[in-house]
1. What's the total number of residues in region 51-85 that are among the aliphatic types (A, V, I, L, M), closer than 27 Å to residue 176 by Cβ and open to solvent by less than 10 Å² (accessible area, probe 1.4 Å)?
2. Quick one: count up the residues across region 115-132 that are among the basic types (Lys, Arg) and either assigned to a loop (DSSP other than H, G, I, E, B) or over 18 Å from residue 153 (Cβ atoms) (or both).
3. I'm told residue 41 meets every condition in (1) open to solvent by less than 40 Å² (accessible area, probe 1.4 Å); (2) β-branched (Val, Ile, Thr); (3) touching a Phe, Trp or Tyr at 6+ places or on another chain (Cβ under 9 Å); (4) modelled with pLDDT of 95 or more except one. Can you identify the failing condition by its number?
4. Scan 188, 125, 193 and give me the residue that is out of contact with any Phe, Trp or Tyr (no Cβ under 9 Å at 6 or more places or on another chain), among the hydrophobic types (A, V, I, L, M, F, W, C) and either within 23 Å of residue 40 (Cα to Cα) or at pLDDT 95 or above (or both).
5. Residue 152: surrounded by 14 or more Cβ atoms within 10 Å (Cβ to Cβ) and either small (Gly, Ala, Ser) or under 18 Å from residue 176 (Cα atoms) (or both), yes or no?
6. Residues that are of a type outside the set (A, V, I, L, M, F, W, C) and more than 17 Å from the chain's Cα centre (by Cα): find the strands (runs of 3 or more DSSP E) completely inside region 1-93 holding 2 or more of those.
7. Could you tell me which of the residues 176, 142 is in a strand (DSSP E or B), of a type in the set (S, T, N, Q) and buried (at least 20 other Cβ atoms within 10 Å of the Cβ)?
8. Give just the number: which of (1) free of Cβ contacts under 8 Å to residues at least 12 places away in the same chain; (2) open to solvent by less than 20 Å² (accessible area, probe 1.4 Å); (3) not β-branched (Val, Ile, Thr) does residue 120 not satisfy?
Amino acid sequence: MERTTGVRGYYAESAERLGRVYESVSFEVVHGALLDLLPDTPARVLDVGAGTGRDAAALAGRGYTVDAVEPVAELRRVAERLHPGSGVTWRAGALPEIPGVRGPYEVVLLSAVWMHLLPEERPVAMRRLAGLLAPGGLLLITLRRGEPPADRLMFDIPPQEVAGHGAQAGLRLLRTVAEGADRLGREAVHWNAVALQLG
């Protein structure tokens, strides 16, 4: 698909730079508003759209068994180089289907991923993600808000829409967070987080 190629092309060409940018902010800083929701270990975690591996490696370091799915081979290579010996299982795959991934997972994380999905893909993706969760499992989604950039396809998706798709897939809303300013200092960007639970 042209849309997918354009998005993947951007991340492929930018992989090395993004490795430096993404890793400059810690998992704890980015996801601090959701950390209290994480279950006790041992537990399985799926990081969808894992990028350069910052979140996956941090979760593995906390004692979780982590599968990290990333469609861009260049980003996977950066992740494996930056986080050797992390214990993370790195694999190719993309929403809405992410074929070959099998649950159940206690946590599924999508950090800065959902905003790339077309409107018609979102309900399909939500059902797929809900189907990967264990009973009581958590789906944690961060949303980039503000005017989308011109260099790749992206949508400004409000948390209410995510919660609505979640409800249709059998997930209940636990929390929405207005995280405010962008941690990388981009003035036109702000973030929301949504936590949903199965059952």
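The values are calculated or read from the model by the stated rules, or taken from the named source; none is laboratory data. Every value quoted in this text rests on a predicted model; they were computed, and no experiment measured them. Methodologically, a virtual Cβ is constructed for each residue, glycine included, from the backbone with ideal geometry; neighbour enumeration extends over all protein chains shown. Keep in mind that these areas ignore ligands, DNA and RNA; they rest on the heavy atoms of the full protein, side chains included. Shrake-Rupley method; radii C 1.70, N 1.55, O 1.52, S 1.80 Å.
1. The qualifying residues number 5.
2. Filtering region 115-132 down to residues among the basic types (Lys, Arg) leaves 122, 127-128.
Keeping just the survivors that are either assigned to a loop (DSSP other than H, G, I, E, B) or over 18 Å from residue 153 (Cβ atoms) (or both) gives 127-128.
Counting residues in region 115-132 that are among the basic types (Lys, Arg) and either assigned to a loop (DSSP other than H, G, I, E, B) or over 18 Å from residue 153 (Cβ atoms) (or both) gives 2.
3. Residue 41 satisfies every listed condition except (1).
4. Numbers: 188 fails: either within 23 Å of residue 40 (Cα to Cα) or at pLDDT 95 or above (or both); 125 fails: out of contact with any Phe, Trp or Tyr (no Cβ under 9 Å at 6 or more places or on another chain).
One residue alone meets the criteria, 193.
5. Working: surrounded by 14 or more Cβ atoms within 10 Å (Cβ to Cβ): yes; either small (Gly, Ala, Ser) or under 18 Å from residue 176 (Cα atoms) (or both): no.
No, not satisfied.
6. Numbers: elements: 44-48, 65-69, 89-91.
Those strands (runs of 3 or more DSSP E) do not exist here; none qualify.
7. Numbers: 176 fails: buried (at least 20 other Cβ atoms within 10 Å of the Cβ).
142 is the lone residue from the list that is in a strand (DSSP E or B), of a type in the set (S, T, N, Q) and buried (at least 20 other Cβ atoms within 10 Å of the Cβ).
8. Going through the list (1) free of Cβ contacts under 8 Å to residues at least 12 places away in the same chain; (2) open to solvent by less than 20 Å² (accessible area, probe 1.4 Å); (3) not β-branched (Val, Ile, Thr), residue 120 breaks only (2).
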